Amino acid sequence: MSRLFDDTTLQQLARPPEDDAIAALQRGDLGALARHLDEMEAGPAGLDALSGHTLARKIGKLRADFGEARTRTELQRIGAQLMRSWVAQWQAGDAKGAIADLVALFRYQTGGALSPLQEDDDAVVLDLAPCGSGGRLERQKLPERHPAAYGGWSDGVSSYCQGCKANQAALNDALGGPAWTTQKGPDGHCRLRFDKLAQRGQTLFDDTEKVALTRTRVQQARERLEAGDTAITPLLEGQRKDWQPWHDFGVVWLAHFYAVALELGGPDYLDEMLAQTYEPAFVAGFPRYAALDDAGLVREIARTWNYHCADFRVHEEDDRFVFTLDPCGSGGRLFRGQMWRDLYRYGQPLSPAVPGPHPIVFMRRDAPSYCSHCAASNRTQLSRAADPAVPLFFVIDGTAQQRPGMPCRTYVYKKDAERARIEPRLFELVGLAPPLSTAR
């Protein structure tokens with residue numbers, strides 16, 4: 001096969017949507033700007049959906065395998081680790097900063113709607129109308145349609161919301177008071193109450209902050225444009241990483257589930273958990289990727305990496321595109337200890353390496369546990385590699401990132417690539433025998 005793009009064109013395909021929006025603003029093309037804002041607003045949606053479904057399914061699997069009581073215990077252990085920086089912040093007397101960063105978690109949840117903050121002497125209240133995580137799954141009727149994964153709890157609270165409740169309980173237990181509580185309403189609505197605790201009686205947020213903290217950059221940009229204000233470049237710059245609080249919180253939440261799986265059943269159980277909770281959600285995207293031509297596919301994967309908070313470059317080979325992630329926005333940044341609020345560092349509680357070797361960590365020793373989901377991604381694609389209708393759009397080189405400072409690599413195979421030429425080692429690293437047709 002021959003190359004489709006020169007390097008300049010390829011880099012243009014990988015440009016963040018925000019760059020195109022800024023260019024449209026600079027030339028005064030407000031129609032193009034509006035289209036780019038739509039694309040930017042939708043940028044995190046696919047990743048957010050994948051994360052939400054896999055979190056709910058993991059909670060459901062723990063309940064099915066170990067019962068409600070044990071699952072609640074494990075969820076609260078996870079919550080204690082997730083919330084530790086908020087505990088320290090509240091204890092240091094910075095309720096305002098702690099509350100603002102909890103609000104940030106909900107600001108970028110796809111399909112959610114945040115009302116301006118309300119405040120009295122004792123507390124700050126945030127109404128989600130609806131919630132864009134557990135509430136969104138409930139609006140889709142998933143707890144009723146698939147109770148084993150999404151619902152079926154004795155108290156009537158759905159699987160995803162069980163995780164949120166456990167995070168609240170862990171925070172409140174550590175602080176000795178109801179710092180964060182929720183009251184679920186109909187149709188996915190939820191009211192969040194944040195108690196000021198030691199700062200009761202103080203006014204934490206002014207009227208401008210009460211609105212701004214509930215608005216994304218794209219929402220703020222649109223509001224300014226509607227008012228005739230085009231000085232919005234600062235809102236557009238770096239927008240692809242503006243959802244980093246929710247992105248990183250979700251990634252770390254998943255990483256702690258992998259740690260619990262390892263404790264409960266070792267790498268075999270982690271393998272099983274990923275096969276039953278992550279892989280079905282991942283496979284659901286196959287038809288969409290298979291329908292894209294090569295230009296559309298590389299553009300879509302670049303957009304995904306942009307919104308996965310990654311820094312990357314891309315080059316083209318005869319049969320595939322190679323993304324060099326330096327770092328990957330999830331596993332790479334976890335490995336480097338670069339998560340928001342310093343939420344995760346390997347070696348801390350619920351943050352283990354896998355002694356290995358095992359196919360779920362690319363047959364490596366002392367492998368970062370989070371990267372197991374990439375091995376699962378490879379397995380679910382490469383096990384179907386003999387079928388040309390199955391897209392090979394997210395094949396990870398599991399041996400690339402050996403140390404925290406090293407980049408990772410992802411291969412995106414062209415539609416007409418000769419699958420007989422796929423490297424056998426990519427199969428072997430995830431415990432698959434290369435089909436005879438793929439032997440070099």
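Observations on the model:
- Net length available on complete extension from Arg35 to Ala92 is 16.1 nm, with 0.36 nm assigned per residue and the Cα-Cα distance removed.
- Peptides 183-196, 326-339, 78-91 ordered by packing proxy, namely the average of other Cβ atoms within 10 Å per residue, highest first: 326-339, 78-91, 183-196.
- Whether the stretch 1-60 is rounded, prolate or oblate, judged on the alpha carbon gyration tensor where a/c under 1.5 counts as rounded: oblate
- For the stretch 70-205: rounded, prolate or oblate by the Cα gyration tensor [a/c cutoff 1.5]: oblate
- Computed magnitude of the charge dipole of the chain (debye, nearest 20; Cβ of K, R +1, Cβ of D, E -1): 840
- Helical content alone sets the calculated 222 nm signal of the chain at -14500 deg cm²/dmol, taking -39,500 (n - 2.57) per DSSP H segment of four or more residues and averaging over every residue.
- Stretchable slack from Ala23 to Glu68, in nm (0.36 nm times residue separation minus alpha-carbon distance): 10.9 nm
- Each part gets one Cα centre, and for the stretch 330-391 versus the stretch 145-196 those centres are 28 Å apart.
- Whole-number percent relative contact order across the chain, with pairs defined as alpha carbons under 8 Å at least 6 apart: 16
- A simple spin-label model places pseudo-atoms 7 Å from Cα toward Cβ; at Ser115 and Thr324 they are separated by 5.2 nm.
- Whole-number D in µm²/s for the stretch 243-438 (Stokes-Einstein; Kirkwood sum over Cα pairs; 25 °C, 0.890 mPa s): 144
- 18 Å reach of a label modelled at Ala129, 7 Å along Cα-to-Cβ, counting backbone N of the stretch 215-244: 215-216
- The charge dipole of the stretch 243-438, taken about its Cα centre with unit charges on the Cβ atoms of Lys, Arg (+1), Asp and Glu (-1) only, comes to about 340 debye.
- Between His315 and Asp387, the distance separating the two model label sites (each 7 Å from Cα on the Cα→Cβ line) works out to 3.4 nm.
- Positive dipole terminus of the stretch 142-203, leading residue within Ala179, Ser154, Pro143 (C-beta point charges): Ala179
- Here the dipole of the stretch 70-205 is about 440 debye; that uses its Cα centre as origin and unit charges on the Cβ of Lys and Arg (positive) and Asp and Glu (negative).
- With both labels modelled 7 Å from their Cα along Cα-to-Cβ, the Glu226 to Arg299 distance reads 2.9 nm.
- The simple Förster model, with R0 at 51 Å and r as the Cβ-Cβ distance, assigns Ser2 and Asp366 a FRET efficiency of 0.80.
- Order of Ile360, Ile422, Ile232 - criterion: other Cβ atoms within 10 Å of each residue's Cβ, fewest first: Ile232, Ile422, Ile360
Each value in this text was obtained by applying a stated rule to the coordinates, not by laboratory testing. None of the values given here were measured: they were computed from a predicted structure. Because the Cβ atoms are built from the backbone with ideal geometry, glycine has one as well, and the counts that use them run over all protein chains shown.
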